[in-house]
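Novice: Input: one structure, supplied below.
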Amino acid sequence: MEIADRTAPAVIVAIDGPSGTGKSSTSKAVAVQLGLSYLDTGAQYRAITWWMVHNGIDTDDASAIAAAAGKPDIVSGTDPAGPTITVDGTDVAGPIRTAEVTAKVSAVSAVPEVRARITELQRALAREAVGGIVVEGRDIGTTVLPDADLKVFLTASPEARAARRSGELKGSDVHATREALVKRDAADSSRKTSPLAKADDAVEVDTTDLTLQQVIECVVTLVGEKRAGQ
Ligand code: DC
């Protein structure tokens with residue numbers, strides 16, 4: 001295992017890809033191993049979606065979402081050993097994972113005002129991260145941090161992704177999970193503003209037949225290679 005080197009220059013790692021590719025587990029573990037901060041940008045989009053639902057805003061009404069996008073105060077804690085997320089001071093780590101938020105997050109995150117607001121938060125956190133940061137999401141390499149030192153795009157077959165998600169959501173139906181996941185990816189990939197996409201200079205890693213440990217090692221090696229070439 002690579003030991004965190006506190007004297008190494010700050011490194012910014014962007015990890016993008018659809019859900020169920022192992023993005024969160026990989027990003028967190030890489031950040032822990034390398035002593036970097038960690039940001040789950042999906043959690044931020046889920047948090048703003050939770051706030052909209054909690055405040056009775058119709059998530060099918062893009063102009064209502066746009067008008068409210070600046071209101072919630074979303075704060076992300078970037079310690080990979082214990083990432084946190086609060087909205088107006090309330091811990092929402094649990095509520096943002098409900099089926100209702102999951103079903104509505106694509107519509108909310110497609111609104112340009114929401115993306116502008118959250119992108120600003122993400123860039124500020126990346127700027128402030130001493131030593132560097134691993135940022136995971138859908139548009140990090142393409143839009144949020146186009147100058148990242150390393151960009152990784154994780155993929156996996158829809159079957160593998162659904163099986164992983166069903167394992168996380170204990171006892172859920174794999175076929176229903178696959179349908180929901182494919183639908184959400186289609187919405188995230190086809191929206192106008194910063195869709196889910198692989199940056200031209202991203203390294204694509206197909207995780208279908210890899211264990212989590214293998215994916216983590218692959219990304220740690222890629223970071224090491226980047227640092228050696230700096
Ligand atoms: O990673 P996740 O499943 O928690 O992400 C939830 C949703 O947030 C996802 O369906 C699309 C949106 N998202 C986004 O639009 N851009 C990002 N950088 C991260 C997530």
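Novice: If I take R0 = 22 Å and measure r between the Cβ atoms of Val75 and Ala187 in this structure, what FRET efficiency does the formula 1/(1 + (r/R0)^6) give, to the nearest 0.05?
Specialist: Working from the Cβ atoms, E equals 0.25.
Novice: Quick one: dipole size for the chain, taken about the Cα centre, charges +1 on Lys/Arg Cβ and -1 on Asp/Glu Cβ, in debye to the nearest 20.
Specialist: It works out to roughly 180 debye.
Novice: Taking the Cα-to-Cβ direction at Ala163 and at His175 and moving 7 Å from each Cα, how far apart do the two end points lie in nm?
Specialist: Between Ala163 and His175, the label points sit 1.8 nm apart.
Novice: Separate question: Once the Cα atoms of helix 99-109 and of the chain are each reduced to a long axis, what angle between those two axes, in degrees from 0 to 90 to the nearest 10, is obtained?
Specialist: 80
Novice: Where does the chain land at 222 nm, in deg cm²/dmol rounded to the nearest 500, when only DSSP H runs of n ≥ 4 count, each adding -39500 (n - 2.57), divided by all residues?
Specialist: The helix contribution divided over the chain gives -15000 deg cm²/dmol.
Novice: How far, in degrees from 0 to 90, does helix 112-128 lean away from the longest principal axis of the Cα atoms of the chain, to the nearest 10?
Specialist: 30
Novice: Please give me, ordered by residue number, the trypsin sites (Lys or Arg not before Pro) of region 165-230 that lie in loop per DSSP and have at most 10 other Cβ atoms within 10 Å.
Specialist: Hits after loop and neighbour filter: Lys170, Lys192.
Novice: List residues of region 93-126, by number, whose backbone nitrogen lies under 18 Å from a label position 7 Å along Cα→C-beta of Asp60.
Specialist: 100-111
Novice: Going 7 Å from the Cα of Ala197 in the Cα-to-Cβ direction, what parts of region 132-149 have a backbone nitrogen less than 14 Å from that spot?
Specialist: From region 132-149, the list is 138-146.
Novice: Using +1 at the C-beta of Lys and Arg and -1 at the C-beta of Asp and Glu, which of Val215, Val75, His54 has the Cα lying farthest in the positive direction of the dipole of the chain?
Specialist: His54
Novice: Where does the charge balance sit around Arg117 when Lys and Arg score +1, Asp and Glu -1, over other residues with C-beta under 13 Å from its C-beta?
Specialist: Details: positive: Lys71, Arg115, Arg123; negative: Asp73, Glu113, Glu120.
Charge balance near Arg117 sits at 0.
Novice: Tell me which aspartates and glutamates have Cα within less than 13 Å of Lys192's Cα, excluding those fewer than 8 residues away on the same chain?
Specialist: Glu113, Asp139
Novice: Also: Taking all protein chains as present, what is the carbon and sulfur share of the accessible area of the chain, in % to the nearest whole number, probe 1.4 Å? Walk me through the numbers on the way to the answer.
Specialist: Working: 5850 of 10790 Å².
Here carbon and sulfur together make up 54 percent of the probe-accessible area.
Novice: Now a separate question. Might you tell me the accessible area per residue for the chain, computed with a 1.4 Å probe and given in Å²?
Specialist: Values: 10790 Å² over 230 residues.
About 47 Å² of surface per residue is accessible.
Novice: Now for a separate question. Give the lysines whose C-alpha is closer than 27 Å to that of Lys198, dropping any in the same chain fewer than 8 places away, or say none.
Specialist: By straight Cα distance, Lys198 reaches Lys23, Lys28, Lys104, Lys151, Lys183, Lys226.
The values are calculated or read from the model by the stated rules, or taken from the named source; none is laboratory data. All of these numbers come straight from a predicted model, not from anything done at the bench. When we count neighbours, we look across all protein chains shown, and the Cβ atoms used for this are built from the backbone with ideal geometry, even at glycine. What goes into the accessible areas is simple: the full protein's heavy atoms, side chains included, and nothing from ligands, DNA or RNA. Shrake-Rupley method; radii C 1.70, N 1.55, O 1.52, S 1.80 Å.
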